[in-house]
Amino acid sequence: MSELEREITKTTKQKSDLSIEFNAQRRKANDFIGKNEIPLEEVIKADDKVIGAIEFELVKAMREKDKEEAEKAVATAQAVYEDLSASSNDVTMIAMEVAATVSELEEEIASVQTQLDDINAQMEAAGEDEKLELMVAQGDTSDKLEELKARLEQANVDGTKRKMEAQAEYDEHLERARADLDRANDEFEQSCKSFDDFINNTNPLDLITSGCGIISKDQTKIEAENLKKQLERSKMEAEQARLAAQQAQEQAEEARRKAQEEAEQARLETERAAQEAIEAAEQARREAEEKAKADIEAAEQARKEAEEAMAAEAEEARRKALEESEEARRLAEEQAEEAKRQAEADAEEAKRKAQEEAEEARRQAEVEAEEAKRKAQEEIEEMRRKAEEEAEAKRLEEENKRKEEEARQKADAERAEAIAKKVALRRDQIIAIRNEMKELKGDEEAKNLRERLYNLQLTFDDDERGSTELMDFYNKTMDDIQNSGEIARLKAENAKKPQRVVRKVTERVNRIPRRKAGARPGARPGAARPGARPGARPGAARPGAARPGARPGARPGAARPGAARPGVRPGARPGAPKRPK
């Protein structure tokens with residue numbers, strides 16, 4: 001574990017150094033952009049170009065590696081197919097074995113046939129006794145010949161079967177090798193096509209999301225912070241203006257208060273002057289009243305005198321008025337009669353004019369009603385047209401909203417599809433690294449492979465980092481690489497250690513005890529001692545017999561429970577042989 005801890009510490013330090021170097025280069029880039037006042041659009045464009053080139057090279061290397069592996073697979077399959085096509089040793093060997101077996105049987109048949117011909121030739125010149133023996137030999141030889149012919153026929157059948165089976169197996173192996181070769185060629189052509197399509201038809205900027213680079217994000221944050229500072233500065237200026245306006249308002253309020261105080265003083269002064277004027281007017285009024293009172297008394301005296309003079313004149317005037325009123329009444333009655341006649345004529349004329357005016361008003365009302373009806377129809381038509389236009393506008397608005405929603409959903413779907421493609425591409429890259437994990441030889445290779453995976457992770461954009469599945473797969477791959485490196489290192493260490501030979505328990509329990517000093521060579525353990533009486537049990541005492549010198553009353557044939565024999569180690573199994581010291 002100490003070695004593992006040292007490797008972990010070394011890896012952590014290396015990651016820390018790389019992070020420090022990365023942050024330093026990142027700070028330099030941002031300082032250069034800020035010093036030269038490069039616009040954010042140019043920064044994003046340049047950053048996209050760099051990240052796209054890195055991503056393009058990674059995918060290109062992966063496609064090129066797949067192409068090379070497919071080419072190696074084609075070469076391997078081609079070699080296997082050529083070896084099988086050029087050599088059919090198994091079929092030839094089986095055919096040679098079958099031919100050798102058949103040839104041996106044919107030779108043996110020819111030999112037996114020769115013997116049979118000899119016997120037949122001897123039978124022609126032999127006597128009766130010899131002919132009987134030759135007939136027996138002839139029967140045996142004929143049986144042997146038939147047996148050999150049957151064996152030859154069976155050998156031909158078995159040989160043909162073996163050759164056919166071997167040929168079929170060879171053809172099967174050859175067909176399988178041809179299928180493997182065709183499949184390898186198809187995979188190689190597919191990988192070549194994929195590589196060529198990627199090289200010729202792929203734009204590096206299509207592999208990434210614009211603005212996903214570290215520098216672009218930093219500059220976007222810096223610009224957002226600058227806008228935020230500018231907004232805060234504007235707010236501060238507005239606050240200062242508000243404070244200045246508030247101060248001016250306070251000054252105006254102070255001036256208004258002073259003006260009110262001055263107006264109040266002027267009002268008091270005016271009221272004082274008015275009071276003085278009122279007092280003067282009151283004095284003048286009293287004087288005028290006294291003067292008017294005197295004038296009234298004089299006027300009353302003059303009125304009394306005038307009334308006395310007017311009383312006489314009034315009596316004369318009343319008489320004259322009675323005469324004039326009688327004359328006026330008579331004239332009024334005449335005028336009233338004339339007025340009545342004139343009124344009747346005027347009433348007739350007014351009635352006629354009223355009827356004409358009513359008829360004219362009716363016609364005018366009908367015209368106005370028709371005009372109003374027409375205007376109402378026009379207004380209804382206009383309202384219907386406006387309603388249709390509003391309905392059409394609402395429909396167009398809903399249609400535009402629906403199209404915008406469809407466009408948004410389509411954009412979301414395209415973005416989700418693009419994210420899925422990027423995640424799938426990243427997953428293929430991680431899988432390619434995981435495939436290399438199987439060939440790790442130790443911690444150093446595992447560390448290099450983890451470093452490659454870490455560098456690959458640095459090129460992830462926000463969408464890829466936001467994919468829980470991809471990040472979980474990345475973290476799992478990191479852990480698996482580390483575990484694989486540790487396992488490979490432990491296997492290598494175990495391979496270097498000497499192998500211990502562990503004896504079986506049965507060998508220890510059933511081992512044969514060593515021969516004691518002074519024992520007869522070649523004596524079998526448990527054999528009877530020299531001088532023992534015949535029939536005694538070898539290597540054991542008679543059951544129930546007491547040991548010599550045992551105390552009277554001791555239990556025969558057994559030791560006291562819990563008591564050990566002298567010279568026997570504690571915990572030894574009863575009856576077990578004593579271990580030599």
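A Förster distance of 56 Å, applied to the separation of the beta-carbon atoms of ASP31 and GLU388, puts the FRET efficiency at 0.30.
Ligands, DNA and RNA excluded, the heavy atoms of LEU449 present near 10 Å² of accessible surface to a 1.4 Å solvent probe.
Ligands, DNA and RNA left out, the 1.4 Å accessible surface of region 375-480 is 51% carbon and sulfur atoms.
Using the Cβ of GLN247 as centre and a radius below 11 Å, the other residues enclosed give a net charge of -2, where K and R count +1 and D and E count -1.
Just so you know, the Rg over Rh for region 17-138 is 1.86, from Cα atoms, with Rh as the Kirkwood radius.
With contacts taken as Cα pairs under 8 Å at a separation of at least 6 residues, region 394-495 carries a relative contact order of 37 percent. The residues of region 325-429 present an accessible area of 85 Å² per residue when probed at 1.4 Å with all protein chains retained. Our Cα-only numbers for region 205-245 put the radius of gyration and Dmax at 17.1, 56 Å. The three principal axes of the Cα atoms in region 98-197 give end-to-end lengths of 101, 14, 10 Å, sorted in falling order.
Across ASP129, ASP412, the residue with the most accessible area heads the list, and the full order at a 1.4 Å probe is ASP129, ASP412.
Extension gain, ASN483-ASN23: 0.36 nm per intervening residue step, less the Cα-Cα distance, totals 162.7 nm. Three principal axis extents describe the C-alpha atoms of region 171-276; from largest down they are 146, 23, 21 Å. Apply the a/c threshold of 1.5 to the C-alpha gyration tensor of region 10-74 and tell me whether it is rounded, prolate or oblate. In terms of gyration-tensor shape, oblate. Loop-located GluC sites (Glu not before Pro) in region 1-93 (DSSP state other than H, G, I, E, B) with a sparse environment of at most 13 neighbouring Cβ atoms within 10 Å: GLU37. Only the Cβ atoms of Lys and Arg (+1) and of Asp and Glu (-1) were treated as charged; on that basis the dipole of region 96-219 about its Cα centre amounts to roughly 1100 debye. Heavy-atom accessible area for ASP17, with the other protein chains in place and a 1.4 Å probe, reaches approximately 70 Å². Electrostatic bookkeeping for LYS67 treats Lys and Arg as +1 and Asp and Glu as -1; over the other residues with beta carbon under 13 Å from its beta carbon, the sum is -4. Summarising the label geometry, the points placed 7 Å from Cα in the beta-carbon direction at ALA350 and ASP472 lie 10.5 nm from one another. Of the GluC sites (Glu not before Pro) in region 380-466, the ones in a loop by DSSP (not H, G, I, E or B) with at most 13 other beta carbons within 10 Å are GLU439. Between THR160 and ALA100, the contour length at 0.36 nm per residue exceeds the Cα-Cα span by 20.3 nm. Computed from backbone phi with θ = phi - 60° and the Karplus coefficients 6.51, -1.76 and 1.60, the 3J(HN,Hα) list for region 220-229 is 5, 5, 4, 5, 5, 5, 5, 4, 5, 5 Hz; x is used for glycine and proline.
Spacing of the modelled spin labels on THR270 and ASP143, each 7 Å from Cα toward Cβ, amounts to 17.0 nm. Here the spin labels are modelled as points 7 Å beyond Cα on the Cα-Cβ line, and at VAL50 and GLN14 they lie 2.4 nm apart. When you work out D = kT/(6 pi eta Rh) for region 434-491 at 20 °C and 1.002 mPa s, using the Kirkwood radius from C-alpha pairs as Rh and the Stokes-Einstein form, the result is 182 µm²/s.
The values are calculated or read from the model by the stated rules, or taken from the named source; none is laboratory data. Model, not experiment: these values are computed from the prediction. Cβ atoms come from the backbone with ideal geometry, glycine included; neighbour counts cover every protein chain shown. The accessibility values were calculated without ligands, DNA or RNA, using every heavy atom of the protein model including side chains. Shrake-Rupley method; radii C 1.70, N 1.55, O 1.52, S 1.80 Å.
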